Amino acid sequence: MRTCDLCGSSDFKKLPFYYEFEGQKLQGTRCRRCELMFLDPQPTPAQLERLYGKEYFTDRPNYDRTQQEVKFIEDGQKNEALNQLRPDKFTDYVLAHYPDRQFRYLEVGCGPGYTLKSLQALGWTTHGLEISEHAAEFARRELHLPVVTGNIETTEDFHADQFDLAYMGDVLEHLRSPSATLAKFHRILGPGGLLVLALPSVLNLPSVRLGFAAYGALGKERKMDIPPYHLFEFTPNTIRKMLEKNGFEVVDLLNPVKPPKHIRLGGNLMEKVSKLAGQYPTYYLNKLTGRFGDRMFVVAKNLK
């Protein structure tokens with residue numbers, strides 16, 4: 001039996017959902033001691049390599065209903081617009097709080113490198129790490145960026161105190177050991193360096209908690225209809241604990257929720273109606289309290 005990646009316990013509780021991948025059942029699981037949620041068992045490294053092949057970046061369906069289907073890498077975007085900053089939550093936050101600072105910056109999961117290129121134009125020293133050879137080669141060949149092909153969990157390409165800002169957007173939940181990854185950031189970030197994480201917290205939603213209770217009471221399980229991309233599921237409480245365990249102090253944690261029109265409506269008609277019915281009150285509750293969201297934006301300071 002595996003042990004919890006956060007607290008080391010082996011006292012687990014099955015959750016009423018699971019994935020099937022290559023003939024194997026991957027069960028949703030919660031640690032009884034610290035409440036970290038994860039899949040047990042998890043895909044092997046070889047399975048993960050197949051899961052994140054070229055098709056993941058070029059042909060993956062748009063599960064988040066925020067825009068029309070687009071390709072992850074668009075050849076037509078290699079133009080002068082790449083030297084203009086593309087605002088998002090990360091760049092908005094950093095530039096607002098550190099307007100005149102030029103960072104030694106690492107982006108893990110940098111894709112084809114568009115954000116790296118725009119920040120480089122601001123005078124930042126930028127490096128990227130990307131698991132997809134297809135995307136990383138595009139960044140090196142077309143945008144002339146220092147992007148390494150590899151996995152943050154296994155790469156040895158970065159040395160101690162090399163960076164003073166690192167960003168992972170929707171990456172941590174895909175890794176086999178998030179705790180070991182945060183420990184690596186503790187090493188490669190200098191003293192006081194900043195680690196910024198963007199990640200989902202879907203299982204933090206009140207509607208999902210109620211759904212789990214209902215499935216549990218009925219003795220049923222839900223088979224998820226997408227591949228097992230998320231090996232871990234975090235809440236504000238568990239991500240804070242994991243960061244503190246690995247030498248970081250959380251300085252900001254935002255927990256917004258998607259507008260109802262952007263949530264993924266998987267499942268049967270009853271499940272779709274239930275999701276929408278739950279998302280509307282959660283959306284307005286989140287506006288009032290800043291809690292119970294399905295997304296997290298976390299800024300943590302390295303304490304070494």
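Go through F212, F185 and list them by solvent-accessible area, largest first, probe radius 1.4 Å.
Details: F212 40, F185 0 Å².
The ranking, largest first, comes out as F212, F185.
In square nanometres, what is the average projected area of the Cα convex hull of segment 108-164?
Values: hull surface 15.3 nm².
That works out to 3.8 nm².
Which pairs break 32 Å Cα to Cα here: K14/K89; K117/K184; K14/K245? Working shown, then result.
Numbers: K14/K89 34 Å; K117/K184 25 Å; K14/K245 25 Å.
Check vs 32 Å cut-off fails for K14/K89.
Please work out how much length the chain gains when fully extended from N237 to V251, using 0.36 nm per residue of separation minus the C-alpha to C-alpha distance, in nm with one decimal.
Details: separation 14, 0.36 × 14 = 5.04 nm, distance 1.39 nm.
Between N237 and V251, full extension yields 3.6 nm more.
Could you order the peptides 245-252, 134-141 from most to least packed, using the average number of other C-beta atoms within 10 Å per residue? Before the final figure, lay out the partial values.
Working: 245-252: 16.5, 134-141: 19.1.
Highest-to-lowest ranking by the protection proxy: 134-141, 245-252.
Need one number: nm distance between label points at Y284 and R209, each 7 Å from Cα along Cα→Cβ, rounded to one decimal.
It is 2.0 nm.
For L210, L303, L39, what's the largest-to-smallest order of accessible area, 1.4 Å probe?
On the way: L210 125, L303 100, L39 5 Å².
Ranking L210, L303, L39 by accessible area, largest first, yields L210, L303, L39.
With a 1.4 Å probe and all protein chains kept in place, how do R104, R50 rank by accessible area, largest first?
Values: R104 95, R50 140 Å².
Descending order: R50, R104.
For E49 paired with T3, estimate the spin-label separation in nm (one decimal), with each label point 7 Å from Cα along the Cα-to-Cβ line.
Result: 2.8 nm between the two label points.
Taking the simple approach of a point 7 Å from Cα along Cα-to-Cβ for both E153 and Q24, what is their distance in nm?
Going from the E153 label point to the Q24 one covers 1.1 nm.
With a 1.4 Å probe and all protein chains kept in place, how much accessible area does S9 have, in Å² rounded to the nearest 10?
10 Å²
So, R0 is 22 Å and r is the distance between the beta-carbons of K223 and S10; what FRET efficiency does that work out to, to 0.05? Intermediate values should be presented prior to the final figure.
Values: r = 26 Å, r/R0 = 1.16.
That pair, K223 with S10, gives E of 0.30.
The values are calculated or read from the model by the stated rules, or taken from the named source; none is laboratory data. These numbers come from a predicted model, not from an experiment. Here the Cβ is made from the backbone with ideal geometry for all residues, glycine too, and neighbour counts use every protein chain on show. Each accessible area value is taken on the protein alone, full model and side chains, heavy atoms only, with ligands, DNA and RNA left out. Shrake-Rupley method; radii C 1.70, N 1.55, O 1.52, S 1.80 Å.
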